[in-house]
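The values are calculated or read from the model by the stated rules, or taken from the named source; none is laboratory data. In this text, all values refer to a predicted model and were calculated from it rather than measured experimentally. All Cβ positions, glycine included, derive from the backbone under ideal geometry; neighbour counts span all protein chains shown.
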There are 2 protein chains.
Amino acid sequence: MNSGLTFLIAARRCEIEELDQLEHTGELVGVIGRLVHALQRERGISNVFLASGGQRFAQQRDRQMAECLAVEREVRATFDRLETGVRRAGNGARLFSRVAWVLPGLAALPDLRRRIGALALQPEQATAAFVKLIAGLLAVVFEAADGATDPEISRLLVAMFNFMQGKELAGQERAFGSAAFASGGIDAERQQHWLHLIESQERCFQVFSDFSDAPLVALWRGCQPKAAVAERERLRRTATTAAPTHSPLDIEASQSWFDACSQCIDAMKDVEERLALHLRQRCTDKIAQSRSELEGYRTLLDTLQAQSARADELEPSIFFDDTSVDEVPVPYGRQLERSILDMVQEQSRRLQSMSDELATARAALNERKLVERAKGLLMAHRHLSEEEAHKMLRQTAMNQNRRLIEVAESVLALAEYLPERPKR
Amino acid sequence: MNSGLTFLIAARRCEIEELDQLEHTGELVGVIGRLVHALQRERGISNVFLASGGQRFAQQRDRQMAECLAVEREVRATFDRLETGVRRAGNGARLFSRVAWVLPGLAALPDLRRRIGALALQPEQATAAFVKLIAGLLAVVFEAADGATDPEISRLLVAMFNFMQGKELAGQERAFGSAAFASGGIDAERQQHWLHLIESQERCFQVFSDFSDAPLVALWRGCQPKAAVAERERLRRTATTAAPTHSPLDIEASQSWFDACSQCIDAMKDVEERLALHLRQRCTDKIAQSRSELEGYRTLLDTLQAQSARADELEPSIFFDDTSVDEVPVPYGRQLERSILDMVQEQSRRLQSMSDELATARAALNERKLVERAKGLLMAHRHLSEEEAHKMLRQTAMNQNRRLIEVAESVLALAEYLPERPKR
C-alpha cells in the first residue's frame, strides 16, 4: 500500500507544480495586459500626432513612450523568468514560440517610434504596426490560457483572454471610427467592417461573461459609464446606417466619439486589473489548499510506514473485494487500506471531473483556433501571407453576411479538396 | 533579435524534453503490455486449475506465476523511474493516480494467488480479480496516450492502447466462451454479452488500424492465423445463434474454442511487441531530429551574437514591414533578421498543425472518456459502485440493442436533469 500512497502524493505534487506554474502565468498575463494597454494608448496618441503633422500630443507621446518602456522592461523580466523556470506543461513549446515572435516586435519598436517622430509614416501604417504587435502579445495570453491544466484557472484565463481581446477590438473601433468621422464620410464596405468590429467585440465580452466569476461580471456590468455607452451607441448607429451618398458624417462628432470610446475603454482597464488580481489570488488559494491536502497524505504515509514494519506481506488484501461495505468491523490495518483505496478512487474521480470541466473551458478557445487553421490552410493553398489570408476570410464573411467562424468552418470543410494540405 | 531566437531555442528544448518523456512512456507501455499478457495467461491457467479442482495446470501455473513476478519487477522499476523523473506534461497527476490504483492491486496479487492455490475461489471470482487488475494497468496506458503532446507519438499510443484493449477483450471472450461451451448451454442474456464482447473488440482493432502506421496494420492483417480465425468464427456463430432451449452447446467444442482463441491471441502478442518497438524507435528518431535542428538554431544564435556586438540598436527593423519579399538585396544583418522571423513563423505554423493533428488523435480517446463520464454520473446520482454503474450501462445497451457509447451519450444528455451534478 505504501507505494500506492507514494504515487498519490506524486500526483498531488504534480498538481501543485502546475498551480505554481499557473501563478507565474497569471503574473505574465497581468503584466502583458498592462503593456497592451500602454501600447493601445500610444497607438491612439501617435495617430493624433501623425494626423496633426506633429502639432498635437507631442508631449503626451513622450510621456506615453516612457510609460511603455517601463512596462516593457517588466514584461521582458517576466519573459526571462519564464525561460529560466523549469519545464512547462504541455504547450510550453507553443508558448515560447509566441514569445519568440513578440520579442523582435518589441525590438523593432524604437525604429517604429523614430519613424513616427520623423512623421515618416501615415497614421494607418502606424496603427497597423501597433495592431500587429498587440496581436502578438495577445497570442501569448491565448497560449497561456490554452496550456492551463486546472479547470477553474483555465476558465479565468479564457475569460481574461476574451476580455483583453474585446478591449483591443474596442480600441481598434475607436481608431477606425475616429478616422471615419474625421473624414466626414463612410462607404458601405467600411460600414460592414465597423459592424464586424462591434460584433466580434460583443462576442468576446459574452465569452468573458460566460466564463468569469459572478462578482467580476457584476463589476463589469456596473462599471460601464452609462452616458458614454449611450453616446457611443448613438454615434455607432449614425455612422453604420448613414446612406453613403446622402448624409455625410458630422466631422464635429469625431471628438465626441473619441471621448465616449475612451471612457468605455478606461473602465475596461479597471475590470482587467481586477481580473488579473483575482486570477493570481485563486492560484494562491488553490496552492495553499493542495499543500495542506498533501500534508494529510504525508502524515498517513508515515503512519503506514510505521505500521508496515510489523505487517505481514501476505495479509489478506481487500483490493479484489468488491463488497466495499463490511458489516463486521475490520482490523485497523484493513481500515487504513480501505481508506487509501477510497482516496485513490476519489482522486481519480476528481481528476476526471476536472478534465471534463477543462474540456468545456477549452472549447471556447476552439473558435479562435478554427479561424487560425482556416488561415493556415489558405496560406498554404493560395500562397498568401497571414494578413492576406485573414483579409480574405473577413471579406468573405462581410460579403456573405456570415460570422468569421462560419466562413472558417466552410474553408476547413473543403480542406480535403485542397491538394497542398498533407493528409494523415 | 537575439532574445527571439533564445525563445525559439527554448521552444525546441521543450519539445525535446517532451519527446524524452514520451520515450520513457513508450518503455512503460511496452513493459505494461508484457505484464498484461503474462496476467492474461495466468488468468486462463488459474481458471482451468480451479475448474479442475487443482488437478490440471498446477505446474504451468507455478511457471506462469514466476514469469508474472519477473515482469512485475520490471513494471515496478519503470514506475519508480517515473516517480523520480522530472515533472510530467499536462496529465502527470492523472497518470500517477492511475499508478496509485494499480500498485495496491499488484500488492494484493500474492493473497489472490494463495486463495486460488487453496481452491478457495470460484473460477469466475478469480477471473473477475484478474480483469480488475488488467483494467487498472490498461488505464495507465490510456493516460499515457492521453498525455502525449507529439501528434505522431500520440497517434501510435492511441493505436497501442486500442490494440491492448482489443487483446484484453479477446482474452475475456476466450474465458467467457470456454465457460459457456463447458457448461453445455447458453441463455439469451449471455449471447448478448458475447456479441458485445465481439463488437467492442472489433471496434478496438478498427481504431488501431485507423491510427497505426501502414506496415503495422499490414503485419496485423498478415499474421492472423487463418484457420484459427475461421474456427473461432464458426464457434462464435454456433454459440451466439443457438436457440437456448433446443440446441445446447457441444461440450467437446470447449477445447477447440480455447485453442483457436489462444492462437489468435498469441498472434496479437507479436504485433503488440512490434508496436511497442516501433513506438520507441519513432521517439528516438524524433529526438535525434529535434536535437540536430536545435544545433542549427544554436549556430545561428552564435553568429548573431558575434554580429550584434557591432550592430546598431536602432538599425531599421523589418518586423513591421509587411512586404516580405524585397526585390533589392538587403544587407546581411537584415537577411538574418528576416530568416529568424521566418523561422519563428514556420515554427508557430508547425506547432499549430501538430496541435490540430493531436486533437484528431485524442478524439479517439474521447469515446472511452464519455463512457467513464456517464459512469461517474450514475455513480454520483444513483450512489452506485463503479462496477454497478458499468453493468447498468451495459445492460441498457443490450436491452436497447445500442452501442455502449450511444447509451453513455444519452445518459450525459440527461445530465442537467440529475440534481447531484454540480452545474458550472
Among the residues of region A:39-52, count how many are at pLDDT 90 or above, over 14 Å from residue A:138 (Cβ atoms) and out of contact with any Phe, Trp or Tyr (no Cβ under 6 Å at 6 or more places or on another chain).
4
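To keep it simple, each residue is scored yes or no on (1) over 23 Å from the mean Cα position of the chain (by Cα); (2) free of Cβ contacts under 8 Å to residues at least 40 places away in the same chain.
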| position | (1), (2) |
| --- | --- |
| B:18 | no, no |
| B:26 | no, no |
| B:32 | no, no |
| B:45 | yes, yes |
| B:50 | yes, no |
| B:62 | yes, yes |
| B:72 | no, yes |
Looking at B:202, B:252, which is the one that is more than 20 Å from the chain's Cα centre (by Cα) and not hydroxyl-bearing (Ser, Thr, Tyr)?
B:252
Name every residue in region B:382-393 that is touching a residue at least 12 places away in the same chain (Cβ under 8 Å) and closer than 17 Å to residue A:346 by Cβ, in order of residue number.
B:389
Within region B:170-205, the count of residues that are outside any helix (DSSP H, G or I) and at negative phi comes to 3
Limited to region B:109-127, what total is found for residues that are within 7 Å of another protein chain (Cβ to nearest Cβ) and touching a residue at least 24 places away in the same chain (Cβ under 8 Å)?
0
Which numbered condition in (1) at pLDDT 80 or above; (2) surrounded by fewer than 19 Cβ atoms within 10 Å (Cβ to Cβ); (3) over 22 Å from the mean Cα position of the chain (by Cα); (4) more than 25 Å from residue B:321 (Cβ to Cβ) is the only one that residue A:414 fails?
(1)
Considering every residue within region B:240-247, establish whether at least one is assigned to a helix (DSSP H, G or I) and either under 28 Å from residue B:401 (Cα atoms) or in contact (Cβ under 8 Å) with a residue 24 or more places away in the chain (or both).
yes
Among the residues of region B:382-417, how many are outside any helix (DSSP H, G or I) and within 12 Å of chain A (Cβ to nearest Cβ)?
3
Go through region A:350-374 and give me each residue that's more than 8 Å from chain B (Cβ to nearest Cβ) and touching a residue at least 24 places away in the same chain (Cβ under 8 Å).
A:354, A:358, A:361, A:362, A:364, A:365, A:367, A:368, A:370, A:371, A:374
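Matching residues to (1) at pLDDT below 80; (2) assigned to a helix (DSSP H, G or I); (3) acidic (Asp, Glu):
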{"residue": "A:357", "(1), (2), (3)": "yes, yes, yes"}
{"residue": "A:363", "(1), (2), (3)": "yes, yes, no"}
{"residue": "A:376", "(1), (2), (3)": "no, yes, no"}
{"residue": "A:380", "(1), (2), (3)": "yes, yes, no"}
Could you tell me whether any residue of region B:291-305 is at pLDDT below 90, outside any helix (DSSP H, G or I) and surrounded by fewer than 18 Cβ atoms within 10 Å (Cβ to Cβ)?
no
Restricting region A:128-149 to residues that are at the interface with chain B (Cβ under 10 Å from one of its Cβ atoms) and under 24 Å from residue A:18 (Cβ atoms), which is surrounded by the most Cβ atoms within 10 Å (Cβ to Cβ)?
A:148
If a residue must be among the charged types (D, E, K, R) and within 7 Å of another protein chain (Cβ to nearest Cβ), how many such residues does region B:13-46 contain?
2
Residues being surrounded by 24 or more Cβ atoms within 10 Å (Cβ to Cβ), under 16 Å from residue B:74 (Cβ atoms) and of a type outside the set (Gly, Ala, Ser) - total across region B:13-34
3
